[in-house]
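Heads up, the thing below is written out as structure tokens.
The values are calculated or read from the model by the stated rules, or taken from the named source; none is laboratory data. Here the structure is a predicted model, which means the values were calculated and not measured. Every residue, glycine as well, gets a Cβ built from its backbone with ideal geometry; the counts of neighbours run over all protein chains shown.
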Amino acid sequence: MDLNFPAILVAAVFITGGIWLIDALMFAPRRRDLAADQAKHGNDPEEIARHTREPILVEYARSFFPVILIVLLLRSFIVEPFRIPSSSMMPTLLVGDFILVNKFAYGVRLPVLHTKIIETDSPKRGDVVVFRYPRNTSVDYIKRIVGVPGDEISYRNKVLYVNGQPMPQVALGRYTGVGSGIRSTGSLHSIETINGVEHSVLIRVGTPDFPPGCQVLLRGPIKIPEGHYFAMGDNRDNSNDSRCWGLVAEENLVGKAFAIWMSWDAQRTGFPIAWDRLGEEIE
């Protein structure tokens, strides 16, 4: 079962904050009055403190509430970490990459409810975006936006067409995978340009245009309606994306990926951390 971490954070904020607030309004004044009364009668200060000390539950709630609240605010409105679990975005993102996502790039949304409260910007072609999977919104996906509202998208013979124009590709040679991405060794490594954004793609020459198991939705050109986006993985023949399950609705957007802060792959030869990827900007 998938854990709804934002919901857990919200619940934790309300529980810890509620315990602290109830104690501050109802029980803390009684303890202060009791301590003052016992002091008037000359009771031992240590004995007074022992009988009027703050309950441990309240102490923990008071300590954890601001920490949890800060984490919730940062994660919901500013930046959120994600881990890359699959090879669908290779070679841009590798299995085990830990990335940072800008949560206000496409509008500020309330946690759990996902209701947009502040308009900011919208995805551009070439953006690497995290979104809630249309067929199971409890799961987060990461892909590259290749089509925006009003575009006509098609994909044939391993070439992406936007509004009838092929997106140029420059072949770099055969790709050599490492660690969990070793199976992509031998793919053609190319540089593709979308909307002026250059990025790497992997292509299996001589294979069908659609990845294995894909319930193909894109047989011909498709017009992108308002409020929707077409997303594809950079590992074109190993990506479950809009070609297979359709468009990404605007309300499913989570944020824009912008940096790699850690890369850990236990299957990598030698040390599992790829030091050269730390701090790398996502293009």
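Put simply, of Pro134, Pro149, Pro123 the only residue that is assigned to a loop (DSSP other than H, G, I, E, B), closer than 22 Å to Ile260 by Cβ and either not assigned by TED's automatic domain parsing to the domain that holds Glu250 or not hydroxyl-bearing (Ser, Thr, Tyr) (or both) is Pro123.
Residues in the stretch 164-172: is at least one of a type in the set (Val, Ile, Thr) and part of a strand (DSSP E or B)? Looking for residues that are of a type in the set (Val, Ile, Thr) and part of a strand (DSSP E or B), one finds at least one in the stretch 164-172, hence yes. Within this structure, Val205 passes the test of being in contact with a strand residue (DSSP E or B) (Cβ under 8 Å, 6 or more places away or on another chain) and either part of a strand (DSSP E or B) or modelled with pLDDT under 95 (or both).
Cβ separations smaller than 7 Å between residues 6+ apart or across chains give no pair from the stretch 266-278 residues that are without any contact (Cβ under 8 Å) to a residue 12 or more places away in the chain and not assigned by TED's automatic domain parsing to the domain that holds Thr92 to residues that are surrounded by 12 or more Cβ atoms within 10 Å (Cβ to Cβ) and of a type in the set (Asp, Glu). Restricting the stretch 190-208 to residues that are over 25 Å from the mean Cα position of the chain (by Cα) and surrounded by 18 or more Cβ atoms within 10 Å (Cβ to Cβ), the residue that is farthest from Ser242 (Cα to Cα) is Ser190.
In the stretch 108-127, the residue that is modelled with the lowest pLDDT out of those that are surrounded by 18 or more Cβ atoms within 10 Å (Cβ to Cβ) and touching a Leu at 6+ places or on another chain (Cβ under 9 Å) is Pro111.
The stretch 1-83 holds helices (runs of 4 or more DSSP H) entirely within its bounds, and those carrying 1 or more residues that are outside the structural domain of Gly107 (by TED's automatic domain parsing), closer than 27 Å to Ser138 by Cα and at pLDDT 85 or above map to 5-22, 56-77. The residues listed here are Arg268, Arg243; of these, the one that is part of a loop (DSSP other than H, G, I, E, B), under 18 Å from Met89 (Cα atoms) and not aromatic (Phe, Trp, Tyr) is Arg268. When the stretch 2-26 is filtered for residues that are buried (at least 17 other Cβ atoms within 10 Å of the Cβ) and within 13 Å of Phe64 (Cβ to Cβ), the ones remaining, listed by number, are Leu9, Ala12, Val13, Thr16, Gly17, Ile19, Trp20. Examine the stretch 219-241 for a residue that is β-branched (Val, Ile, Thr), surrounded by fewer than 18 Cβ atoms within 10 Å (Cβ to Cβ) and more than 21 Å from the chain's Cα centre (by Cα), and state whether such a residue exists. Scanning the stretch 219-241, I find no residue that is β-branched (Val, Ile, Thr), surrounded by fewer than 18 Cβ atoms within 10 Å (Cβ to Cβ) and more than 21 Å from the chain's Cα centre (by Cα), so the answer is no.
Within the stretch 153-170, being surrounded by 17 or more Cβ atoms within 10 Å (Cβ to Cβ) and among the charged types (D, E, K, R) holds for one residue alone: Lys158.
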